[in-house]
Amino acid sequence: MSASAVFVLDLKGKVLICRNYKGDVDMSEIDHFFNLLMQQEEEGLVCPVMSHGSVHFLWIKHSNLYLVATTNKNSNASLVYAFLYKLVEVFTEYFKELEEESIQDNFVVVYELLDELMDFGFPQTTDSKILQEYITQQGNKLEVAKTKVPTTVTNAVSWRSEGIKYKKNEVFIDVIESINVLVNANGSVMSSDIVGSIKLKTMLSGMPELRLGLNDRVLFALTGRDKGKTVTMEDVKFHQCVRLSRFESDRTISFIPPDGESELMSYRINTHVKPLIWIESVIEKFSHSRVEIMVKAKGQFKKQSVANNVEIRVPVPSDADSPKFKTSTGHAKYVPEKNWVVWSIKSFPGGKEFLMRAHFGLPSVENDEKEGKPPITVKFEIPYFTVSGIQVRYMKIIEKSGYQALPWVRYITQSGDYQLRTNN
């Protein structure tokens, strides 16, 4: 079972718009939601599910709005939350910004969307591209042609319209991997993993059937092939277009893609990652006078690769002033409101080492407040490279008209949560 009703409230708990789907929960029950929330906030125990009698409130906050679903059954909470976040996604696609003003300015469209997104408490059409075919923001001109429901709504392929045509048929595949690394003050890697995403930009005519082949270790073991590098993917999540039964039986990623841009899948690889940009730092504090910082950065990746738009953020004491910098490459900038120095390097080749020195004045009166030791954080992007070694082995495109289509593949590695703790 899912939601009985969905409400959108402002920050004072006033209902801006609501939709009753099942009629089995009194709509006035929402009056208790805000009081319960205030009570929990005072106690410092805010919970995502709150109850009043037999009625449960499942809620999320977005910008200056609360989105609340009510139910009096033992509903599937994860389904209700997935729906609430999908509501935010659809409204944002329609109105660019989702806030109180956009709900008030687009009241009719919001109500129509609430009507289409859920029926009798169960999610229905939630793809904004499909919804935009028949729920538009241009006034209510009633044209005979527009009164016909698009076939996508009644079709098994609800994420793709029929009759799409392109002069040149192409599909662009982006394999993007983010590296999460935590290094302790002694230089040991405490935790590391890779979070990957395969994104598509599809410009294909008709209703093509696509098959994607990766160097997936489980697939190679199933087929008895064990040549070359393979990867073990965990926590794999697919777009709704992928045939899950096919993937579960023989690891084939087979699908009819949405038109345009979409995320086909995401995955995690739980592996020991060597930090790609290694940082060594010495921070010397001379009380009542100055602080001197020396940071050495080394590219620990292949010489033929280059990291772009590297940003190394080094924390400094909150009472520091009069910054002076010297860098062997790039430029350094003090950001006083964040209490850090940002060292920016546009292009950082693999195997190279660079140095940055910073000198700050400290006030003669010591700051009594004990400051924490924030870590050094690093941001970067390395094109044409993946840490895990994941590869797109093939992309087969089959369409009944028999056209030839070109698949293009691009690999990118970027920093995720990339932190190096310091002794100082």
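One table, with the values for the structure above:
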{"quantity": "Helix 107-117 vs. the chain, principal-axis angle (Cα, 0 to 90°, nearest 10)", "calculated": "80 degrees"}
{"quantity": "Long-range lysine pairs (8 or more apart or interchain), the stretch 1-109, Cα under 15 Å", "calculated": "5"}
{"quantity": "Heavy-atom accessible area ranking, 1.4 Å probe, most first, across His52, His239", "calculated": "His52, His239"}
{"quantity": "Highest average packing first - 157-169, 125-137, Cβ atoms within 10 Å", "calculated": "125-137, 157-169"}
{"quantity": "Selected from Tyr267, Leu65, Cys47, residue furthest toward positive end of dipole (the chain; charges at beta carbon)", "calculated": "Tyr267"}
{"quantity": "Cα→Cβ-extended label distance, 7 Å offset, between Leu16 and Tyr384, nm", "calculated": "4.8 nm"}
{"quantity": "Solvent-accessible heavy-atom area per residue, rounded to whole Å², over the chain at 1.4 Å", "calculated": "54 Å²"}
{"quantity": "In nm, spacing of pseudo-spin labels at Lys229 and Glu353 (7 Å Cα→C-beta vector)", "calculated": "2.6 nm"}
{"quantity": "Degrees between helix 31-43 axis and first principal axis of the chain (Cα, 0 to 90, nearest 10)", "calculated": "20 degrees"}
{"quantity": "Efficiency of FRET from Cβ geometry, Asp119 and Arg393, R₀ 45 Å, rounded to 0.05", "calculated": "0.65"}
{"quantity": "Sequence ranges 110-119, 75-84, 36-45, ranked by mean other-Cβ count within 10 angstrom, highest first", "calculated": "110-119, 75-84, 36-45"}
{"quantity": "Amide H contacts of Val316 (H built 1.01 Å from N, under 5 Å, at least 5 apart or other chain)", "calculated": "Trp340, Val341"}
{"quantity": "Globularity ratio of the stretch 352-420, using Cα Rg and 2.2 N^0.38 Å", "calculated": "2.21"}
{"quantity": "Protection proxy ranking of 336-349, 199-212 - average other beta-carbon atoms within 10 Å, highest first", "calculated": "199-212, 336-349"}
{"quantity": "In the stretch 304-424, lysine pairs with alpha-carbon atoms under 21 angstrom apart (chain gap of 8 or more, or interchain)", "calculated": "15"}
{"quantity": "Net dipole in debye of the stretch 21-131 [+1 Lys, Arg Cβ; -1 Asp, Glu Cβ; about Cα centre; nearest 20]", "calculated": "420 debye"}
{"quantity": "Among Pro349, Tyr411, Val335 - extreme Cα towards positive end, dipole of the stretch 335-424, charges at beta-carbon", "calculated": "Tyr411"}
{"quantity": "FRET efficiency, 1/(1 + (r/R0)^6) with R0 41 Å, evaluated for Asn270 and Lys296 via beta carbons", "calculated": "0.90"}
{"quantity": "Debye, to nearest 20: dipole size of the stretch 225-337, +1 on Lys, Arg Cβ, -1 on Asp, Glu Cβ", "calculated": "640 debye"}
{"quantity": "Efficiency of FRET between Lys165 and Ser344 - r from beta-carbon atoms, R0 35 angstrom, step 0.05", "calculated": "0.20"}
{"quantity": "Those residues of the stretch 238-253 whose amide nitrogen sits under 16 Å from the label point placed on Ser78, 7 Å along Cα→Cβ", "calculated": "238-240"}
{"quantity": "For the stretch 34-110 versus the stretch 335-351, the gap between their alpha-carbon centres in whole angstrom", "calculated": "39 Å"}
{"quantity": "Near-label residues of the stretch 393-415 by backbone N, under 14 Å of a point 7 Å along Cα→Cβ of Asn308", "calculated": "410-415"}
{"quantity": "Inter-site label distance for Asn423 and Leu406 at 7 Å from Cα along Cβ, in nm", "calculated": "5.5 nm"}
{"quantity": "Using alpha-carbon coordinates, inclination of helix 77-95 to the longest axis of the chain, degrees", "calculated": "90 degrees"}
{"quantity": "Surface share of carbon and sulfur [accessible, 1.4 angstrom probe, percent] for the chain", "calculated": "50 percent"}
{"quantity": "As computed over the chain, the Cα convex hull volume per residue (Å³)", "calculated": "211 Å³"}
{"quantity": "Computed magnitude of the charge dipole of the chain (debye, nearest 20; Cβ of K, R +1, Cβ of D, E -1)", "calculated": "2540 debye"}
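The values are calculated or read from the model by the stated rules, or taken from the named source; none is laboratory data. Just so you know, these numbers come straight off a predicted model, no measurement behind them. Methodologically, a virtual Cβ is constructed for each residue, glycine included, from the backbone with ideal geometry; neighbour enumeration extends over all protein chains shown. In case anyone asks, the SASA skips ligands and DNA or RNA and just uses the protein heavy atoms, side chains included. Shrake-Rupley method; radii C 1.70, N 1.55, O 1.52, S 1.80 Å.
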